[in-house]
Amino acid sequence: MLGKRVRIGLTQKKILLFLQAGLALGLSHSPKQQAWILNQMPRELEKINRQTLNRAIYSLYHSHLIEEKEHKDGSCTFFLSHEGKEKVLRFNIEEIKIKKSSKWDKKWRIVMFDIPEKQKRLREAIRFHLKDMGLVEFQKSVFISPYPCENELEFVLEYYNARRYIRFILADKIDNSLHFEKKFNLT
C-alpha cells in the first residue's frame, strides 16, 4: 500500500483532520486556541453518518493512514500514521494555496457567493479562505484568480458544506483585465 495513491473521501479527510486536531490540542498552550479547536470538532462530527464513519475508518486503516492501538480494557485508540500526517498536511484548510502557473492561459476564474446574513460567520470564513488562498476581491462577494483553483475551491466548499452558496465562472475576458493583470503580476 505504501507509495500507492489512495483516494480520500470527505469523511476520511475529516477523520484525519480530527486526529490532527487532537495533536494540535495537545501541543497548544493557548486556552483560546484550544477552545477554538474543541468548538470546531462537534459540528463536523454531527454531519457524519455513523455507518459512513465506520467505513471511512476501516478504509483509512487499510490504507495505512491511521494506526490502531488496542488497550488491555478492550478499547482502541486510533492515531495518524506517518503517511496520514503527510496526507493531512496536503489538504489542511489552513495551508491551502493556489499554485501559480508558469504561463497564464488568459482565463479568469471568478468565484461568487451569496451567503445569507444569518450565516455571517460562514461568509466571513469563506471570504478569509479565498483571500488566504490567493484570490483577489473583485467585489464584496466576488473573487478572481488567473490560475486554476477548482480543486482548492472544491475542498473549501466541502469543508464548510457551502456548495449551495457559491458559483464558479471561467471567463475569457473581463472589462478591467489590465487592473487585475497588474495585481497578479501578469504584465
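Look at residue 185 and say whether it is under 26 Å from residue 13 (Cα atoms), of a type in the set (S, T, N, Q), free of Cβ contacts under 8 Å to residues at least 24 places away in the same chain and surrounded by fewer than 13 Cβ atoms within 10 Å (Cβ to Cβ).
no
Would you check which residues across segment 151-187 are of a type in the set (Asp, Glu) and under 12 Å from the mean Cα position of the chain (by Cα) and list them?
If the condition is that a residue be of a type in the set (Asp, Glu) and under 12 Å from the mean Cα position of the chain (by Cα), then 152, 154, 158 are the ones that fit.
All but one of (1) more than 11 Å from the chain's Cα centre (by Cα); (2) closer than 30 Å to residue 68 by Cβ; (3) surrounded by 19 or more Cβ atoms within 10 Å (Cβ to Cβ) hold for residue 96, so report the exception by its number.
(1)
Among the candidates 165, 159, single out the residue that is assigned by TED's automatic domain parsing to the domain that holds residue 120 and touching a Pro at 6+ places or on another chain (Cβ under 9 Å).
Just a single option satisfies the conditions, and that option is 165.
Name the one entry in 143, 78 that is surrounded by 11 or more Cβ atoms within 10 Å (Cβ to Cβ), under 28 Å from residue 56 (Cα atoms) and out of contact with any Phe, Trp or Tyr (no Cβ under 7 Å at 6 or more places or on another chain).
78
Looking at residue 115, is it closer than 17 Å to residue 165 by Cβ, surrounded by 15 or more Cβ atoms within 10 Å (Cβ to Cβ) and in the same structural domain as residue 170 (by TED's automatic domain parsing)?
Yes; evaluated as a whole, the condition is true for this residue.
Can you name the number of the only condition in (1) within 30 Å of residue 144 (Cβ to Cβ); (2) in a strand (DSSP E or B); (3) at pLDDT below 90 that residue 68 fails?
With respect to (1) within 30 Å of residue 144 (Cβ to Cβ); (2) in a strand (DSSP E or B); (3) at pLDDT below 90, residue 68 is out only on (1).
All but one of (1) part of a helix (DSSP H, G or I); (2) surrounded by 14 or more Cβ atoms within 10 Å (Cβ to Cβ); (3) at pLDDT 90 or above; (4) not β-branched (Val, Ile, Thr) hold for residue 85, so report the exception by its number.
If we test residue 85 against (1) part of a helix (DSSP H, G or I); (2) surrounded by 14 or more Cβ atoms within 10 Å (Cβ to Cβ); (3) at pLDDT 90 or above; (4) not β-branched (Val, Ile, Thr), just (3) comes out false.
The values are calculated or read from the model by the stated rules, or taken from the named source; none is laboratory data. This is a predicted model, so every value here is computed, not measured. Virtual Cβ from ideal backbone geometry, glycine too; neighbours counted across all protein chains shown.
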